[in-house]
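Chemist: Would you mind keeping the following structure in view while I ask a few things?
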Amino acid sequence: MTRLLGWLAALALAAGVIMGFAIAPREATQGNVQRIMYLHVPTAWVAYLAFGVVLLASIAYLARRAPAADRLAHASAEVGVVFTGLTIAAGSIWGKPTWGTWWTWDARLTSVAILFVMYLGYLLLRGMIDDGERAARYCAVLGIVAALDVPLVHFSVYWWRTLHQPPSVLKPGAATMPPAILAALLVNVVAFTLLYVYFVAKRVRLLRDETEALA
Amino acid sequence: MTDHWGFVVAAYALAVVVLGGYWRRLVRMEHELNALNTARVDATLRSRPPSRGAHPRPEPGTRTPLQP
């Protein structure tokens, strides 16, 4: 099942690259550098999804003390950190030619950096505590608190004056982009979501096998 | 506006390195766990006392005839 998910994700990613580079037109204002959007926006979406899953799995763990919920939270946080790091790096590479700077302490960028650091702390906390049950409990609390930053990240572009543009898709009303660009973006969102599910499924299985091997 | 293809290539190349690196890490962990499990099974088999099951019947000279 995991292997099938991996192949599906690989095929979807290949379709996403074709859509982003061959089907979607060159953007009139930014030129071809806008094609970074087909990487930056899907990775940001996956980061939101990953930390949303951490939130739900952490609540489930605190309510039922089910080790499976803790493993899901752990796996999702780890994959979320990878995707958040990639979002920040791709955004920075996109920012240099369009804004003229790699980084600015803008509300959106700063809140994403805080999110990244909080979940890095989450993973460090897991590694620091030897008692598995205690680590799971502390991390569940931290996972819930850190996930509260996700709405702050999303709405930061409305609440503060920022250099970062407001959302074009995840907002009330219709998407404000041409259909060919929107289609390429949505294919990439699906591809990266499949990749996230594949990574999490594989990591959850590894965490379960690790626990069994150490028992 | 110029196209800045170098930035586009850099962003996608970074994605390949990061996501490919994470995938390779998962695969390596999987192999290590499989190797650990195989080593544990081997150690368990070696630690068992020698089985007598391979010679279930006594040597012919020590056999006693069946009693009526």
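The values are calculated or read from the model by the stated rules, or taken from the named source; none is laboratory data. Computed from a prediction, not measured in an experiment: that's the story for all the values here. Counting neighbours? That spans all protein chains shown, and the Cβs are built from the backbone with ideal geometry, glycine included.
Chemist: If A:ARG161 satisfies every condition in (1) modelled with pLDDT under 95; (2) surrounded by 15 or more Cβ atoms within 10 Å (Cβ to Cβ) but one, which is the exception?
Modeler: (2)
Chemist: Only one of (1) in contact with a strand residue (DSSP E or B) (Cβ under 6 Å, 6 or more places away or on another chain); (2) farther than 21 Å from A:LEU186 by Cα fails for A:GLN34. Which number is that?
Modeler: (2)
Chemist: Name every residue in the range A:185-215 that is of a type in the set (Gly, Ala, Ser) and crowded, with 18+ Cβ neighbours inside 10 Å, in order of residue number.
Modeler: Step one: of the range A:185-215, the residues of a type in the set (Gly, Ala, Ser) are A:191, A:201, A:213, A:215.
Of everything in the range A:185-215, just one residue is of a type in the set (Gly, Ala, Ser) and crowded, with 18+ Cβ neighbours inside 10 Å, namely A:ALA191.
Chemist: Which residues, counting only those in the range A:26-63, are among the charged types (D, E, K, R) and modelled with pLDDT of 95 or more?
Modeler: Selection gives A:ARG35 alone.
Chemist: Further, regarding this structure: Residues that are among the polar types (S, T, N, Q): find the helices (runs of 4 or more DSSP H) completely inside the range A:1-101 holding 2 or more of those. Lay out the reasoning, then the answer.
Modeler: Working: elements: A:2-18, A:37-64, A:67-99.
Once the helices (runs of 4 or more DSSP H) in the range A:1-101 are filtered for at least 2 residues that are among the polar types (S, T, N, Q), what remains is A:37-64, A:67-99.
Chemist: In this structure, is A:GLY85 closer than 20 Å to A:SER168 by Cα, among the small types (Gly, Ala, Ser) and facing chain B (nearest Cβ under 10 Å)?
Modeler: Details: closer than 20 Å to A:SER168 by Cα: no; among the small types (Gly, Ala, Ser): yes; facing chain B (nearest Cβ under 10 Å): yes.
Taking the combined requirement at face value, the residue does not satisfy it.
Chemist: While we're on this one: Please find, among A:LEU123, A:LEU185, the residue that is within 30 Å of B:HIS31 (Cα to Cα), modelled with pLDDT of 95 or more and part of a helix (DSSP H, G or I).
Modeler: Values: A:LEU185 fails: within 30 Å of B:HIS31 (Cα to Cα).
Only one candidate passes the filter, namely A:LEU123.
Chemist: If you check A:LEU148, A:LEU182, which single one turns out to be surrounded by 15 or more Cβ atoms within 10 Å (Cβ to Cβ) and away from every other protein chain (no Cβ under 14 Å)? Break it down stepwise before answering.
Modeler: On the way: A:LEU148 fails: surrounded by 15 or more Cβ atoms within 10 Å (Cβ to Cβ).
After ruling out the rest, the residue left standing is A:LEU182.
Chemist: Moving to a separate point now. Need pairs with beta-carbon distance below 8 Å; first residue more than 7 Å from chain B (Cβ to nearest Cβ) and within the range A:200-215, second assigned to a loop (DSSP other than H, G, I, E, B); sequence gap 6+ or separate chains.
Modeler: A:ALA201/A:MET1
Chemist: How many residues are in contact with a strand residue (DSSP E or B) (Cβ under 6 Å, 6 or more places away or on another chain) and aliphatic (A, V, I, L, M) when one looks only at the range B:1-19?
Modeler: Counting residues in the range B:1-19 that are in contact with a strand residue (DSSP E or B) (Cβ under 6 Å, 6 or more places away or on another chain) and aliphatic (A, V, I, L, M) gives 1.
Chemist: List the residue pairs whose Cβ atoms are under 8 Å apart, where the first residue sits in the range B:26-37 and is closer than 14 Å to A:ARG203 by Cβ and at the interface with chain A (Cβ under 7 Å from one of its Cβ atoms), the second is among the small types (Gly, Ala, Ser) and in a helix (DSSP H, G or I), and the two are 6 or more positions apart or on different chains.
Modeler: B:LEU33/A:ALA213
For (1) crowded, with 24+ Cβ neighbours inside 10 Å; (2) of a type outside the set (D, E, K, R), each residue gets a yes or a no:
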site	(1), (2)
A:ALA50	yes, yes
A:LEU55	no, yes
A:ARG65	no, no
A:VAL82	no, yes
A:TRP102	no, yes
A:LEU109	no, yes
A:LEU124	no, yes
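Chemist: Kindly indicate whether any position in the range A:141-151 is in contact (Cβ under 8 Å) with a residue 12 or more places away in the chain, assigned to a helix (DSSP H, G or I) and more than 21 Å from A:PRO67 (Cα to Cα).
Modeler: yes
Chemist: Within 13 Å of another protein chain (Cβ to nearest Cβ) and among the basic types (Lys, Arg): which single residue out of A:ARG71, A:ARG108, A:ARG26 fits that description?
Modeler: Numbers: A:ARG71 fails: within 13 Å of another protein chain (Cβ to nearest Cβ); A:ARG108 fails: within 13 Å of another protein chain (Cβ to nearest Cβ).
Checking each option against the conditions leaves just A:ARG26.
Chemist: Continuing with the same structure: Mind counting the residues in the range A:154-175 that are more than 17 Å from the chain's Cα centre (by Cα), hydrophobic (A, V, I, L, M, F, W, C) and not in a helix (DSSP H, G or I)?
Modeler: 4
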